[in-house]
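Accompanying notes for the structure given below.
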Amino acid sequence: LDGAKTHLEAARDISVRIGESLGEANARKSLGNLALRRDDLDGARTQLEAARDIYVRIGESHGEANTTFIEALVSTQEDTSKAEAMFRDALKKYQALNNAWGIAQCSLRLTQIAALRGDFAALPAAAAKILAHETSHPSKRAGPGWRAFCASLTETDLATREALRDE
């Protein structure tokens, strides 16, 4: 991770020096993601906010959506209500881009927040939505265990649900 950080900082600095805004935004987004992985929430927020601002300025909607998603992941560590609002914002952005993977990932995170709140009635419909989008593009399919977990949320038979969860 230290090596990755060093290279990303160098990429950011070169991009700034030559005036390449997209390269700078991409490096900052990656630095923010790296900071999140290291539990440096303040560092993550700083890099992600800068990346999002650049993406908005240059009109790069996909980068903006991805950055909003990562910012929401940061917020889940502190404030699930704020994270929920950010995941909904990212979901709208992914829907506008017709990005099935982004829709599935935001839907998954919103489902997890609903489960944390004890809103189990919403889980079957949410899981069906996740699976519909997740399987729409073969290169973005998650592992069978993840699909089995989502399927378990829609299962009404207790034994079948437990078997799917065990899978």
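The values are calculated or read from the model by the stated rules, or taken from the named source; none is laboratory data. Fair warning: this is a prediction, and the values are worked out from it, not measured in the lab. Cβ atoms come from the backbone with ideal geometry, glycine included; neighbour counts cover every protein chain shown. These accessible areas exclude ligands, DNA and RNA; they are computed on the full protein's heavy atoms, side chains included. Shrake-Rupley method; radii C 1.70, N 1.55, O 1.52, S 1.80 Å.
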| message | Solvent-accessible area of Glu64, probe 1.4 Å, all protein chains present, reported in Å² to the nearest ten, please. | response | 40
| field | Sum of side-chain charges, Glu71 neighbourhood, beta-carbon under 15 Å (Lys, Arg +1; Asp, Glu -1) | value | +1
| request: Quick one: Debye curve from the alpha-carbon atoms of region 1-106 only, equal weights, vacuum; give me log10 I(q)/I(0) at q = 0.10, 0.12, 0.18, 0.20 Å⁻¹ to two decimals. | output: -0.27, -0.38, -0.84, -1.00
| query | Once the piece of chain linking Ala121 and Asp157 is laid out straight, how much longer is it, given 0.36 nm per residue of separation minus the C-alpha distance between them? | reply | 11.4 nm
| Based on the Cβ-Cβ distance from Leu22 to Leu97, what FRET efficiency comes out when R0 is 22 Å, to the nearest 0.05? | 0.85
| remark: Expressed in nanometres to one decimal, the distance between label points 7 Å along Cα→Cβ at Gln112 and Asp42 is 2.5
| said: From the protein chains alone at 1.4 Å, what is the descending order of accessible area for Arg109, Arg12, largest first? | reply: Arg109, Arg12
| said: Exceeding 25 Å between C-alpha atoms, which entries from my cross-link table qualify? They are Lys29/Lys92; Lys5/Lys93; Lys5/Lys92. | reply: Lys5/Lys93; Lys5/Lys92
| field | Phe120 - accessible surface, heavy atoms, 1.4 Å probe, Å² rounded to 10 | value | 130
| In what order, largest first, do Leu48, Leu158, Leu116 sit by accessible area if the probe radius is 1.4 Å? | Leu116, Leu158, Leu48
